[in-house]
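Data block below; observations after.
The values are calculated or read from the model by the stated rules, or taken from the named source; none is laboratory data. Given the structure is predicted, the values throughout are model-derived calculations rather than measurements. All Cβ positions, glycine included, derive from the backbone under ideal geometry; neighbour counts span all protein chains shown.
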Amino acid sequence: MIEINGIEKSFIQGNTTQKVLKGINLKINEGDFITIMGPSGGGKSNLLYTLALLSEPSSGKVVFNNKIINYKKEKEIEKFRRKNIGIVFQNHNLISCLTALENIIIAIDSNKKYRVKREKAEAFLKRVGLYDKRNLTASALSGGEAQRIAIVRDLVNNPKVILCGEPTGALNVVNLRIK
C-alpha cells in the first residue's frame, strides 16, 4: 500500500546542510500497524510528514498503491491525501472559533449534503462520548476533548491510512479507547 525507497530529507541552515532522514526504506501493507520510535529530533515528524504527502523528500520516492507520487502535481496530491490519508497530529489543529461539530463537518467529503454530514459527525461524536460538547467552540474544549475531536475528524472519511504523531498524548486512560 505505502512504500518509501531511499528517502532522504535535508534542511539548509546557514552554511550547513542538516540531513534529518537518511536512506529510509519502509513498506506498509494494508492492515499493518506500525510504530516509529526514536529520540527527540530524530526525524520522526519529518518521516510522518513525508508519509502524509505534506513534505517532499530531498531524494527517494514515495509509492502509494503502486503509483509513484509526483510532488509537482499539488492539486492531485491534495485530492489523493484528502481521500486516502487521515492525519492526527500531536497538536489537534482544530479551528478554534468553530464548534466541535463544525470542525468535523468541514472535514467530510464536500459532495455530501449538509444533513448527511451533520448526521455522520454527530454519530462519531456519540461514539467518543462528546455529543454533549458538539456546540462548544474548539477553544472551550479541554486538551483531551480537542484531541478526540481531531481523531474523529480524521476517522470520519474512512481513510485507507491513518498516520498519527502522539495521538493519545492529551488523553486520559478512560478516553484512550474509541467505541
- Note on the structure: Residue hits (the range 101-127; touching a residue at least 12 places away in the same chain (Cβ under 8 Å) and either farther than 16 Å from residue 147 by Cα or aliphatic (A, V, I, L, M) (or both)) are 101, 104, 105, 107, 108, 109, 117, 118, 120, 121, 122, 125
- Return only the number of the condition from (1) surrounded by 10 or more Cβ atoms within 10 Å (Cβ to Cβ); (2) over 26 Å from residue 150 (Cβ atoms) that residue 20 does not satisfy. (2)
- Message: Checking the conditions here, which among 48, 53 is of a type in the set (A, V, I, L, M), in contact with a strand residue (DSSP E or B) (Cβ under 9 Å, 6 or more places away or on another chain) and at positive phi?
- Response: 53
- Message: List the residue pairs whose Cβ atoms are under 7 Å apart, where the first residue sits in the range 33-49 and is in contact (Cβ under 8 Å) with a residue 60 or more places away in the chain, the second is among the aliphatic types (A, V, I, L, M), and the two are 6 or more positions apart or on different chains.
- Response: 44/36; 48/163
- Message: Please list, ordered by residue number, the strands (runs of 3 or more DSSP E) wholly in the range 14-107 having 1 or more residues that are closer than 15 Å to residue 161 by Cβ and among the charged types (D, E, K, R).
- Response: 16-28
- Item | Matching entry among 12, 28 (being within 18 Å of the chain's Cα centre (by Cα) and among the β-branched types (Val, Ile, Thr)) | 28
- Item | Hits in the range 101-135 - residues which are surrounded by fewer than 17 Cβ atoms within 10 Å (Cβ to Cβ), aliphatic (A, V, I, L, M) and modelled with pLDDT of 95 or more | 123
- Please go through the range 50-100 and pick out each residue that is charged (D, E, K, R) and either surrounded by 15 or more Cβ atoms within 10 Å (Cβ to Cβ) or free of Cβ contacts under 8 Å to residues at least 60 places away in the same chain (or both). 56, 61, 67, 72, 73, 74, 75, 76, 78, 79, 81
